[in-house]
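Coordinate-derived values only; no laboratory data. Treat the numbers as computed from the prediction; the structure is a model and nothing was measured. Counting neighbours? That spans all protein chains shown, and the Cβs are built from the backbone with ideal geometry, glycine included.
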Amino acid sequence: MQQRPEDAMEEVEAAAGPELGFWLAARRRLAPDDPFFAAGDLERELLAKHLALDLSEDDRNQLEKMEVASTCTVFCPIAGCGAHLGCLEDFEDHYVTRHSASCSVCSRVYPTSRLLSIHVSEAHDSYFQAKVARGFPMYECLVEGCGVKLKSYKSRQQHLIDKHQFPKSFEFFKKARPSQRQRQKSQRRPTAHKGEEARDNSMDVDGKGTRQTNWKYRPKQHDHKESKENERQHQEAKENEMEVEQKIDELTSAVSKLSTADSTPANVTFGHRRSRGLTFVPRSIRQNKQPASQPEAK
Amino acid sequence: MLLVTIAFNLSLVRSLVAVHNSASSRRREHAIAVGKERREALMRAKRVCRAPLSGSDEAAMEEGDMVIDEEKANLEARTTQAVEELKSALSTQGKGAQKKKIEVLRALRRLLSQSEVPPVETAIKAGAIPLLVQYLSFGSSDEQLLEAAWCLTNIAAGEPEETKSLLPALPLLIAHLGEKSSTLVAEQCAWAIGNVAGEGADLRSKLLAQGALWPLARLMLSNKGSTARTAAWALSNLIKGPDPKAANELISIDGVLNAIVRNLEKADEELATEVAWVVVYLSALSEKATSLIVRSSVPQLLIGRLLASENLQLLIPVSSDFSITYHSFCIFTVLRSLGNLVAGDAYMVDSVLTVGNSITDQAVSSLIKCLKSDSRVLKKEASWAMSNIAAGSFEHKKLIFASEAMPLLMHLLATAQFDIRREAAYTLGNLCVVPTGNAAPPNIIVNHLVAIVNGGALPGFINLVRSADIESARLGLQFLELVMRGYPNGQGPQLVEREDGIEAMERFQFHENELMRNMANGLVDKYFGEDYGLE
């Protein structure tokens, strides 16, 4: 094992499997000024000064704290976070508090509330889909601060790859990995229902929660077998899209039936006073939810 | 925490009594005020000289009382005055001149050694250094040299800038290390130099350039215990690097290795401690030194001491009648030097610690003893040393696997602080992999892997995967790879899943480090792909 993370990373790159670093049992040498030895050095000084006797429990704790603090600067490694953590032990709490935003509809988990809200808009909001269908650029760039909006999922993906060096395999919305039960069920079902089943899966909240559905990356095309799987997924994805598109068509026609150009109120208000038969109010407005992006006519 | 016993000689006890009695009550009052300053001073690699050197006439005469509640302003005023008198005494001629000089030096020295926080800054501002340099001139009496060097010692124990101010004094201090000097003078000068060396790499290279290494090495051969000990301590500060040049030079000096061996054989534990520190730095920085040391009797001596040490518990408070004695021998000095030797030269594990030799059993036993202790330092550094032995031959792995170390390591992996957990992880993982030189997927020692996983190690490794520390996360992922690839009957992935391993790996999707992302994704793709769960 290497002694410095940078060296370690180089080793990982050079390893046979391109992504997989393998365990290498090797002697690890440490420099005398390595932070690893800081605690021992402190003990040495205290003992040599015969002052360990004199120190109160409090003094000792303070000293250990000082020593730990001097060697301990941890920053949260989740992209875009950069939070400074007092010590490594704090990271888990921080992660659970800040990076476990979960979708109440499909239980996918996201590391920031912004990404969660983008997901909710894109995956569960028919209003969003309606705007997309009308040609508004609704798909936000995932990189905070970029601000670019694209008209389709695919073009947003391309933007991420082109402008922000995301890997080509990155998928923000990946089909949920079905639970074992589901998979066994699906083996027995006829293929015609594949698309539907895929949607079912995405709504399926597995009681155990271990197979949760925030898997974003497509499998690499390592071998023939896997690329076949990819094809299958593409197929399913297409079927999904088709389903969604159908739904959108239905929705937009329904919406267009409801709202007549003249009677659309200038301000949409809650409550019944001015609604005048406009019973359909987009869910996002009804719930006073701030949409991930304000639609802009571009 | 560490309990170490210290053997006092009488004068030291007396001064410590003096320190303790008058200090304890007043110290409480001033605790907060000096707390921070004191703590920082404690952490430094510099040592204030509070008591006369053993064997000096002063030792018999002095009954120094710690001056605690001197108001700062008063202390500063007195110091400034003392320096003034230093200056005027220089120009004094005639009969009482020598006596006068000693008096003024002593006055300053007392202020610098008996105040809880020595008024170093004041002394420097008042111009003490150039004056003290004058008092160090060749031909001065021993007493004068001693007092002047003592003042400089304590000035050098201060803040970095204060230590640096000793630059003009260095050539003379080094000169007085010579064999023509009295032992006491040489010892005091060595102390001052040790403090300067403890400040930083720049000062170290200055001292080396001016030729401090050789005379200090010679002093380490002294028959007088305290001199050898001070010299060894000063040397350890001088060679600690990061430049390995000094370490390489030191080992090249004739007789140094011999001196080290002889001092380690002696009963004087304080001396053995400081010499062991020299071994620590030699083995950490100089391959030449490591190579020579591992082929000498040093490893056996170190392991013997480690095994023989009685208890590794925390120091208990001094009782009022001082009936408790202490050994100042630092167990972890030995542990660290051993750790460095094991890490630094393959010869140590391959040829010295051959499986079957009693020294090997002793080494493993002594490491196990450290793993059992309450001391964080001992547990951490012993785990590290153990991990390097576990990186040795198949025989070594079997030896450790069959030993008492296993349940201890498993327990540490599950419950200890982060840095210890990581070392335990290294050890356990190393036990699962056959030694191999190439980068192909390493062969797994299946029965070791199975035992470790069945023993409940997976959660510990998965916790490492969740860590914000990249090295640990990588370690955890690599172990998971072993499990998923090597656990019999393809059960690995299920076991990992059961412990929320997938969730842990999926955390890497938005990790800022691309290599980690790819590594985690690769594993999930490979072992939890479409076919997962289908039988």
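For the peptides B:160-173, B:510-523, residues were scored by their other Cβ atoms within 10 Å and the scores averaged per peptide; the highest-first order is B:510-523, B:160-173. Each peptide among B:297-304, B:279-286 gets the average number of other Cβ atoms lying within 10 Å of its residues, and from highest to lowest they stand as B:279-286, B:297-304.
Per residue of peptide B:465-475, the mean number of Cβ atoms on other chains within 10 Å of the residue Cβ is 5.
Sparsely packed loop sites in the stretch B:178-277 (the trypsin sites (Lys or Arg not before Pro) outside DSSP H, G, I, E and B with at most 11 other Cβ atoms within 10 Å) comprise B:Lys180.
Amide H contacts of A:Phe75: A:Leu85, each under 5 Å away and 5 or more positions distant or on a separate chain (H built 1.01 Å from N in the peptide plane; Pro and chain starts excluded). Local charge for B:Gly356 was computed over the other residues whose Cβ lies under 15 Å away, with Lys and Arg +1 and Asp and Glu -1, and equals -1. Local charge for B:Gly456 was computed over the other residues whose Cβ lies under 15 Å away, with Lys and Arg +1 and Asp and Glu -1, and equals 0.
Give me a single rounded figure for B:415-428: the average over its residues of other chain Cβ atoms within 10 Å of their Cβ. Show your work: numbers first, answer last.
Details: counts 0, 0, 4, 5, 8, 0, 1, 2, 2, 0, 1, 5, 1, 0.
Mean number of neighbouring Cβ atoms from other chains: 2.
Note on A:79-91: average number of Cβ atoms from other chains within 10 Å of each residue's Cβ is 3.
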